[in-house]
Each structure stands twice: as structure tokens, then as C-alpha cells.
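> Supplied in C-alpha cells, the structure appears directly below.
The values are calculated or read from the model by the stated rules, or taken from the named source; none is laboratory data. Note that the coordinates shown come from a computational prediction; the quantities given were computed from them, not determined experimentally. Counting neighbours? That spans all protein chains shown, and the Cβs are built from the backbone with ideal geometry, glycine included.
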């Protein structure tokens, strides 16, 4: 019989030992499941369910979760859930946490994970998480990011239904361990994107190298979205932040506009293209640098940077072409490239009547500089081009839009601003300075000449289309030209058919040398009204009067020929230009012709307003041929 003291000692030592023994025999990590679910649900902002929990102790403990499920947010069907993972295991370096407070996860393994991504047309989705603070914890400064080693996925699957992107895709994901080669991540996608068939295959390195600067993460992507083909190959030092990228990107397809759904940046329609360059991420910008390739018949090179931000991404681009066909750039100014079908016109109008697409203009802020060393194309009188374009919140600034023509240039500045109710408010000015006439005339089948043309044009207007803007505009145009020949001038301005018709009606030879041409016309509510139009040739002085209605696209214009040397048939003759831009008519005024047979207007009665002389001298310099006409006008 033990003594009372011994019995007390046995009681005080036996009970704790019994408790430890019972705890070991009946311990279950499942007791912590409610705590894990509560903390995870609070952090993700939606219900999280855990079927089972187990921990294998050791220096690097292994935590195993089974039947893990993350629910959809409210308003979405319960099935299928956002994520379902039959088994998730992760190993945690306990000593690193105890000694350095650093979370190191050497390995994460996922068995048959299934993720369902849904984005509805209304703009909401099931994959945006309102990350919250775990219950009972006060906000704290964020600690160092966890260091993740190997990620192993077996039979993973992602199903995405994204209404706004026209996407319905399935992505199969798994890790592979090829013999005598490092582990790699393999993903394969199929379905539709932007309502076009899409297939993609990605091969990436093991996640073990994600943060190893000495072991960059290799990546190779082959993607086809409809006719668009994308190839990406290289390495990334820090894939989680897309830093230290050394990637080669190759793009090709029939139209750059098809890239808009892939990039999130609206691109105008273009002819077929092929582009390649280096892709990386720096200074919060996705950069495509050292780009080279072709756009239609034009070469294209330069750098493009996209900064994702709210409410609009910012695009900065510096582009250049050694040789460019302006037809390839038609989509950037609201036109249609030559290889694309032209839109059907609702009427027989000539001026472009396609409405300005303000939502597309507001899709991104753009800052673009473009230089073309040589402009080519059939009958193209322009030599080179320089453009600086800025689009901010839908407002467009072109400062400048410059073309070189021989020794001279055409220099324009334009501003367009959106207005309430739709449309754009526009203000622009164009200056023509010593534009090489031989280049202009050489662009026509009959043309030849020398000298230059100069002047200025300005407009202020508002409208939804270019036709509407011209039909409502206020402003004016003043032009002067020295040298050249009349046939080339008329053909260049009016087209072969009407130009030759005017020559025939005026009774002039096919080639008549021009001494000087001066035009000063005012624009009021879309109607060009003549102040002065004089054309001094070797044998005649031709004056113009009347209106050109840009809104109605109608001509109401009269040309009069005064012969410098009197002959029997050299009486003043009025030629009428009537009809529409699409169907003009040229004919003599028979009634006036008879009435004026004995009342010819002398050359001295035709006056050249002195107010336009500075503009003439600015555009063409001091030229004796126009100086003579100015002296006669005085």
C-alpha cells in the first residue's frame, strides 16, 4: 500500500500522462477545419469549405487539404463553384519561419483542380475577390511575400466564359517531368475568343525557378486566334512581376484591328502585317521594342509601350517607315485600306460620311510620333511625312501633320474635341509653302511644270462625320501658284474627265502654260464663296466666281476667259459648272455669250485684293510671274 505522499505523486504525474496519451490516441487535425474555413472565407470575401485537414510533422511539415471548395459570389449559381480541388498539399519550411519570419513553401501540389471563370455582359464576374482582413485581426503592414518553390499540377482544368470578350475556352494545365530534363508547366487552350476560334499552347519552366535570378524562367507560347498568329519565346527572371524579360514576340495576321481583343487597346483596321520585336515590362509599362516588320506594302519599325491604368490604358509609340504607301494607313484616318472591302454608301455622296466612333477614341490615351522617309504609290506627289498625334479622353491633337513636296512642305495643325450629344468639334489650319509644282504635276498623266504653290486654309466646325464637318464649316482658303501648265492643273484638281471638259469648254489648247494662279475663297456654313479666283496664262486671263456647297455637294460656279490678244473669236465667254460632286456638268452660258459680244471686260478691270499678297509671298516667295499679275491688279 503506497503512502499518501506516493499516491499524491502518482495522481499529479499520472493524470497529465494519461491526458497526453488520450490526446495522442484521439488527436484529429480536423478540429482546426472551422478555424481554417473562417479565416480563409474572411480573407477571400466569400465562403470557403474544407472537407479534410491533415498535417505530417517534421522539419518541413506537409499540410494536406482535401475537398477544398471556393464558392461563387452572390448572384451566381452554386454549381459549379469557382474552384474545386480534390486534394491540395503544401510543404512549409517551419525553421525558416521561426528563425527569420520568412514564409518558404518548397512545394505546392494540386490534384485535379477545376476552376470556373465567368464574366457576364453586364460587366461583373466571379473571379474578382474583395480581399478582406481575417476576423479578429487589426490591419497590419504587409510582410515579405512568400517564397514559392515547385508547383505541381495533375489534370488541372480551367473553363472560362467571358461574355464581353466573346470567349468560351477550356484550358488544360499540368506539370510534366520529362526524363533528363527539368520539370515544366504545360497548358493547352481551345475554344473561342473574340468570337474567333482560338488554340494556344504554353510551355513554361518549373515554378521552382520563379524567383531565382540566376535561373530565368523559360517560356514558349504559340497562339492562333482566328487568322491571327502569335509566337512568344524567351526567358523571364521574375514571372510573378513580368520583370527581367528577354522575350521575342512575333505577330502576323490579315488586320491589326483583330489584336484589339487580345491587347485591350483599340487598333484601326489595316492591311496584312507581320511584326517582331522584344517584349518586356519596366516602369509599369508593357513594352514592345526594336519592332520591325511590314504593314501592307510599307515597312514599319519602332517602339510601343502600353501602361495599364484606369480609366484607360496609355499607349506611347514612336514609329518610322523607310518607305510607306499611304493607302496602308487609311484606317488610321477613318478610311479603308485598299485590300479591305469598301463600306456601302447609303447615298451618292462623295465626301466621307462614316460617323466618328467616340467610344473607340476613348478606349485608350495615345501619344504617337510617326516619320516616313519616303512616300510611294501610284501618282503620289508627296515625298515624306511627319506626324505627332495625341489622343486624351477622346480629344485628338495633330501637331503637326507635315508632308514634304520637293523643296516645300504642307504643314497642318488640327484639334478635335468630343461634344455632348455626339460628334466632334474641330479646328484646323493648313499652310502650303513653296510646294514643288513639278512634283504635283508629275503625279498626273499629262502633267509637267515648274515653280511652286503656297497659301493657307483654315476651318472651324462641328459634326459627326467628315462630310458633316465640311458642310457646316467656317473658314477660308487662299492659294497662289507660279508656273506649270493649265492642263495638268485642271486634271490634278478635278480628275481627267471634268478637267478635259473644262479645257474644251474654255476653248483652250491641251497644254497652256500658267504664269500665275491666285484663289481666295471664304467658307461660311459649309459654302465656299469666291472672293478672288484668277488664272494668268500665256494667252488668256481666266477669272472665277460663284459658290461650292460642301454640305449639299453641289457646284454653282462660273469661269470667264479674257483673251490677251484680240481676235474675232476671242470674246469673253462664261463657262458654267453645275450639278453635284458625283455628277458635275460643264457647259457654256449661251444667253450671256450673245449679250456680251460687244462688252468685253478689259484686263485692267480685274483687281487682285492687296490683303492676300502677304499670304502669296509666304507660300511661293517673290516670283515675277505673280508679281506682274499683282501689279496689274493694283
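> Across region 36-83, what is the number of residues that are part of a loop (DSSP other than H, G, I, E, B) and over 48 Å from the mean Cα position of the chain (by Cα)? So that I can check it myself, show each step before the final result.
Initial filter on region 36-83 (part of a loop (DSSP other than H, G, I, E, B)): 45-47, 50-51, 57-61, 71-82.
Still in the running and over 48 Å from the mean Cα position of the chain (by Cα): 51, 57-61.
Residues in region 36-83 being part of a loop (DSSP other than H, G, I, E, B) and over 48 Å from the mean Cα position of the chain (by Cα): 6 in total.
> If you go through region 524-543 one residue at a time, do you hit one that is at pLDDT 80 or above, touching a helix residue (DSSP H, G or I) at 6+ places or on another chain (Cβ under 6 Å) and part of a loop (DSSP other than H, G, I, E, B)?
yes
> Can you name the residue in region 91-103 that is touching a strand residue (DSSP E or B) at 6+ places or on another chain (Cβ under 8 Å), surrounded by fewer than 17 Cβ atoms within 10 Å (Cβ to Cβ) and touching a residue at least 24 places away in the same chain (Cβ under 8 Å) and is also farthest from residue 128 (Cα to Cα) among such residues? Don't jump to the end; show me each part of the working.
Taking region 91-103 as the starting set, the residues that turn out to be touching a strand residue (DSSP E or B) at 6+ places or on another chain (Cβ under 8 Å) are 91-93, 96-97, 102-103.
When the remaining residues are screened for being surrounded by fewer than 17 Cβ atoms within 10 Å (Cβ to Cβ), the result is 96-97, 102-103.
Subset that is touching a residue at least 24 places away in the same chain (Cβ under 8 Å): 102-103.
Numbers: 102: 28, 103: 25 Å.
Among them, the one singled out is 102.
> Are any residues in region 174-196 assigned to a strand (DSSP E or B) and either free of Cβ contacts under 8 Å to residues at least 60 places away in the same chain or exposed (fewer than 13 other Cβ atoms within 10 Å of the Cβ) (or both), and if so, which ones? Write out each step before concluding.
If we filter region 174-196 for residues that are assigned to a strand (DSSP E or B), which is where we start, we get 174-176, 184-193, 196.
Residues satisfying the conditions are 174, 175, 176, 184, 185, 186, 187, 188, 189, 190, 191, 192.
> Further, regarding this structure: Being more than 21 Å from residue 162 (Cβ to Cβ), touching a helix residue (DSSP H, G or I) at 6+ places or on another chain (Cβ under 8 Å) and exposed (fewer than 14 other Cβ atoms within 10 Å of the Cβ) is the requirement here; does residue 50 meet it?
Numbers: more than 21 Å from residue 162 (Cβ to Cβ): yes; touching a helix residue (DSSP H, G or I) at 6+ places or on another chain (Cβ under 8 Å): yes; exposed (fewer than 14 other Cβ atoms within 10 Å of the Cβ): no.
No: the conditions fail for residue 50.
> Just the residues that are at pLDDT 90 or above and more than 23 Å from residue 298 (Cβ to Cβ), please, taken from region 370-394.
Once the filter is applied, which keeps residues that are at pLDDT 90 or above and more than 23 Å from residue 298 (Cβ to Cβ), region 370-394 yields only 392.
> Here is a follow-up. Give region 450-472 a look and list any residue that's on the phi < 0 side of the Ramachandran plot, more than 28 Å from the chain's Cα centre (by Cα), in contact (Cβ under 8 Å) with a residue 60 or more places away in the chain and assigned to a strand (DSSP E or B), or say none.
If the condition is that a residue be on the phi < 0 side of the Ramachandran plot, more than 28 Å from the chain's Cα centre (by Cα), in contact (Cβ under 8 Å) with a residue 60 or more places away in the chain and assigned to a strand (DSSP E or B), then 452, 453, 454, 456 are the ones that fit.
> For region 406-428, how many residues meet the condition of being in a strand (DSSP E or B) and closer than 21 Å to residue 459 by Cβ?
Residues of region 406-428 that are in a strand (DSSP E or B), as a first pass: 408-418, 424-428.
Next, from what is left, pick out any that are closer than 21 Å to residue 459 by Cβ: 409-418, 424-428.
Residues meeting the conditions: 15.
> Out of the residues in region 504-523 meeting the condition of being within 24 Å of residue 474 (Cβ to Cβ) and modelled with pLDDT under 90, tell me which one is farthest from the chain's Cα centre (by Cα). It would help to see each step written out before you state the result.
At the first step, the residues of region 504-523 found to be within 24 Å of residue 474 (Cβ to Cβ) are 518-523.
Restricting the remaining residues to those that are modelled with pLDDT under 90 gives 518-520.
Details: 518: 40, 519: 39, 520: 38 Å.
Here the residue is 518.
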